[in-house]
Amino acid sequence: MAGIWLDVLDEIARTCGAHGRGDLLQTVRQKRVQLLDPRLRVLVIGESQQGKSQLINAIVNAPACPVGDGRTTVLPTVVQHAEVPSVAVVQAPPPNPGRPAGAALPVTGERTPVPLDQVAAGVAGTFGRRPGGGPAYVEIGLPRALLGSGLVLVDTPGTEEAAALGAAGPAAAPAWADTVLVVSDSTRELSAGELTMLLHVARSHPNVVLVQTKTDLVPDWRAVAERNRQHLAEAGVPAPVIPVSAALRLRAAVGDDRELNAESGFPVLIGRLQRDLAGKSDRLARAAVGVIARTVVEQLAAPLRAELESQEVEEQSGPISRLHAAQREVDELRRCSTRWQNTLADEMADVLADIEYDLRDRTRQILREVDDAFDSADPLVSWDTFQEWLERSLTEAAEANHEWLVRRCDWAARRVADTFARYGGDVLPPWSMTTPPDLGDGLPELERPAVDRFTTSQKLISGMRGSYGGLLMVGLATTLAGMPMINPLSVGVGALFGGKSIRDESKQLLRRRQAVVKTAIQRYVDDFFVRVTKDRRDAVRQVQRMLRDHFTALTEELQEAIIRSFRSAKQAADTDAAVRDQRQREIRLKMTRLAGLFEQAQQLTGARSAPAPLEPRP
């Protein structure tokens, strides 16, 4: 009679349906049918030549399964009760592409009767099997009381042969067995492959028994059994070890020898199977429900956990990430605004300093040329030529300085525009500075400076003043010699002194004229420098204001666009966060329900295992 485990199993089925897992729902339904079947389905598996077929023969005390040194079992062989001995090959239809092969144990199929003397051929797959059909198995019916009590034995090919053939089919699937007997002979300890097989079966099946065969061939089979128990304990496989000898069992059956039968170990094995048969509707069913609950919960929780993890990834790359990026853009624009204003102020200050230095250097070069020229030239003679040269030189200096101003302002504008490089596009203002054609018209008029001229009367007076001294000095000297004061010698010396006096006075007047002209030109150039510098300062301030207005407008446009993007990203992030939080609550609620279902299933067997697979990773 089914107990609470059936309610738990039905709840598992409803949970599978609620999660949209039709495959798991089908599996649970098939497990329900299997657990409600009063028969005990015993699956015998193991490597080749371990005595699986002989083990089944010894259990039923009949040569049901063919045995031999070669490969005798190719198709799974189901040995069950029948009123008269019978053999048939049951072959399912070809696999349906819409349903995985082996998804369910077929209850119907094409049955091909096999003569009793052709059992070996049927089990070997050479008789009664239609090529191109689905999975097949051999069904053997025997009139045995043990089988009549509800015991069904399933012989299988060797595990390595089943893998080579692709699969043994649903009839040999451990999922549809109530008890799994793993067969290993006593000639050696469990191999690594057998331990791996035991681990795999024990994970998905609650009732596994290791049957150690051929104890009659190995004197120290007890030591082998003890070492096998140690291996199972170390591997964490909760499977008992039952040593048996099929040869002793069959020999005891022939002679009705109870002691030999007890020595064969089969009473222990059969007793275990009978207890499993009696407890199938309670103990075995509870354990099976606990195992299928773990399997179902793990498969249902895995996509939920993966979705939670994917949401964490999406949180870093979805709307929240775009919101953070928009916030970074706002902060970056704020820093960019500070940078371009500082850059503009620094660059304009540098432009003004460079322009003033350039103009000062050019005017100083002109003044040096003026000094060199008027160290020897007479302003009275070369003034007109010099005036034309000076005006031309100053005009050229002003034009060159203005060209330098244009280049420096363009460079400053590009430096400021570089601070907006991350926003792309051409952010330079649509402006240009050209050299005006009338720079020379703004020069102040250069007037001829007032200089002293060396007139004829001045030359006469200067000559008479110089000749008088010479005439008097020589005339007094010649009077001592008895000569008159005015004589040819004194007159000649007086004329010589008069000429020298005229030449000296002429040189002094020239130097005074040169000094006056240099001073006048110095003042004129200084006036030119002040006036042009004022124009350059005005031009620089005008350019600075123009650049400031342009980049301020550009900053406002960018700020408006970024603010719109930020608001849109924030709205999307808020919406996404609300949807994600709602979905996370739904997922956690589902996982909580799965954890409750898992705990309820574990309570059927008295287990208290924590549903670790349900916990989302931090």
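The values are calculated or read from the model by the stated rules, or taken from the named source; none is laboratory data. What you see is a predicted model; the values in this text were computed from it and never measured. Every residue, glycine among them, receives a Cβ derived from its backbone with ideal geometry; neighbour counts consider all protein chains shown.
List, please: which pairs have Cβ atoms under 6 Å, are six or more places apart or on different chains, and start with a residue in region 547-568 that is assigned by TED's automatic domain parsing to the domain that holds residue 415 and hydroxyl-bearing (Ser, Thr, Tyr) and end with one that is assigned to a helix (DSSP H, G or I) and surrounded by 17 or more Cβ atoms within 10 Å (Cβ to Cβ)?
555/337; 565/326
Scan region 332-376 for residues that are surrounded by fewer than 12 Cβ atoms within 10 Å (Cβ to Cβ) and farther than 30 Å from residue 519 by Cβ and jot them down.
335, 338
Could you say which residue among 581, 576 is within 30 Å of residue 304 (Cα to Cα) and either touching a residue at least 24 places away in the same chain (Cβ under 8 Å) or not in a helix (DSSP H, G or I) (or both)?
Details: 581 fails: either touching a residue at least 24 places away in the same chain (Cβ under 8 Å) or not in a helix (DSSP H, G or I) (or both).
From the options 581, 576, the qualifying one is 576.
May I ask you to list the residues in region 232-253 that are within 19 Å of residue 205 (Cα to Cα), touching a residue at least 12 places away in the same chain (Cβ under 8 Å) and hydrophobic (A, V, I, L, M, F, W, C)?
Passing the criteria: 232, 235, 237, 239, 241, 242.
If you go through region 169-212 one residue at a time, how many are of a type outside the set (D, E, K, R) and assigned to a helix (DSSP H, G or I)?
Total meeting the criteria: 17.
Restricting to region 213-231, give me the number of residues that are closer than 30 Å to residue 289 by Cβ and either in contact with a helix residue (DSSP H, G or I) (Cβ under 7 Å, 6 or more places away or on another chain) or free of Cβ contacts under 8 Å to residues at least 24 places away in the same chain (or both).
Within region 213-231, the first condition is being closer than 30 Å to residue 289 by Cβ, and the residues that meet it are 228-229, 231.
Checking which are either in contact with a helix residue (DSSP H, G or I) (Cβ under 7 Å, 6 or more places away or on another chain) or free of Cβ contacts under 8 Å to residues at least 24 places away in the same chain (or both) leaves us with 229, 231.
Summing the residues that are closer than 30 Å to residue 289 by Cβ and either in contact with a helix residue (DSSP H, G or I) (Cβ under 7 Å, 6 or more places away or on another chain) or free of Cβ contacts under 8 Å to residues at least 24 places away in the same chain (or both) in region 213-231 gives 2.
Which numbered condition trips up residue 425, out of (1) surrounded by 13 or more Cβ atoms within 10 Å (Cβ to Cβ); (2) within 60 Å of the chain's Cα centre (by Cα); (3) assigned to a loop (DSSP other than H, G, I, E, B)?
(1)
Under 7 Å between Cβ atoms, which residue pairs at least 6 apart in sequence (or on different chains) link something in region 404-433 that is touching a residue at least 24 places away in the same chain (Cβ under 8 Å) and assigned by TED's automatic domain parsing to the domain that holds residue 361 with a partner that is of a type in the set (Ser, Thr, Tyr) and surrounded by 15 or more Cβ atoms within 10 Å (Cβ to Cβ)?
Partner pairs satisfying both residue conditions: 415/343; 416/343; 419/343.
Can you confirm whether residue 289 is modelled with pLDDT under 90 and surrounded by 18 or more Cβ atoms within 10 Å (Cβ to Cβ)?
Details: modelled with pLDDT under 90: yes; surrounded by 18 or more Cβ atoms within 10 Å (Cβ to Cβ): yes.
The answer is yes for residue 289.
Quick check on my filter: what residues within region 393-402 are in contact (Cβ under 8 Å) with a residue 12 or more places away in the chain and charged (D, E, K, R)?
Taking region 393-402 and keeping what is in contact (Cβ under 8 Å) with a residue 12 or more places away in the chain, we get 393-395, 397-402.
Residue satisfying the conditions is 399 alone.
Is it true that some residue in region 421-430 is at pLDDT 90 or above and within 28 Å of residue 347 (Cα to Cα)? Talk me through it step by step, then tell me what you get.
Within region 421-430, the subset at pLDDT 90 or above is none.
No: zero hits.
Scan (1) free of Cβ contacts under 8 Å to residues at least 60 places away in the same chain; (2) of a type in the set (A, V, I, L, M); (3) crowded, with 19+ Cβ neighbours inside 10 Å for the single condition residue 43 breaks and write down its number.
Tallying (1) free of Cβ contacts under 8 Å to residues at least 60 places away in the same chain; (2) of a type in the set (A, V, I, L, M); (3) crowded, with 19+ Cβ neighbours inside 10 Å, residue 43 fails exactly one: (1).
Quick check on region 124-181: of everything there that is among the charged types (D, E, K, R) and out of contact with any strand residue (DSSP E or B) (no Cβ under 7 Å at 6 or more places or on another chain), which residue is modelled with the highest pLDDT? Spell out the reasoning first.
Initially, region 124-181 is screened for residues among the charged types (D, E, K, R), giving 129-130, 139, 144, 155, 160-161, 178.
Filter once more, so that each one left must be out of contact with any strand residue (DSSP E or B) (no Cβ under 7 Å at 6 or more places or on another chain): 160-161.
Numbers: 160: 63, 161: 54.
The extreme case among them is 160.
Limited to region 47-83, what total is found for residues that are part of a helix (DSSP H, G or I), within 21 Å of residue 117 (Cβ to Cβ) and within 59 Å of the chain's Cα centre (by Cα)? Working first, answer last.
Going through region 47-83, the residues part of a helix (DSSP H, G or I) turn out to be 52-60.
Cutting the leftovers down to within 21 Å of residue 117 (Cβ to Cβ) gives us 53-54, 56-57, 60.
Then drop every residue that is not within 59 Å of the chain's Cα centre (by Cα), which leaves 53, 56.
The number of residues fulfilling the criteria is 2.
Being farther than 30 Å from residue 417 by Cα, at pLDDT below 65, of a type in the set (Asp, Glu) and in a helix (DSSP H, G or I) is the requirement here; does residue 526 meet it? Break it down stepwise before answering.
Working: farther than 30 Å from residue 417 by Cα: yes; at pLDDT below 65: no; of a type in the set (Asp, Glu): yes; in a helix (DSSP H, G or I): yes.
Taking the combined requirement at face value, the residue does not satisfy it.
Check residue 545 against each of (1) modelled with pLDDT under 90; (2) closer than 30 Å to residue 350 by Cβ; (3) of a type in the set (D, E, K, R) and name the one condition it does not meet.
With respect to (1) modelled with pLDDT under 90; (2) closer than 30 Å to residue 350 by Cβ; (3) of a type in the set (D, E, K, R), residue 545 is out only on (1).
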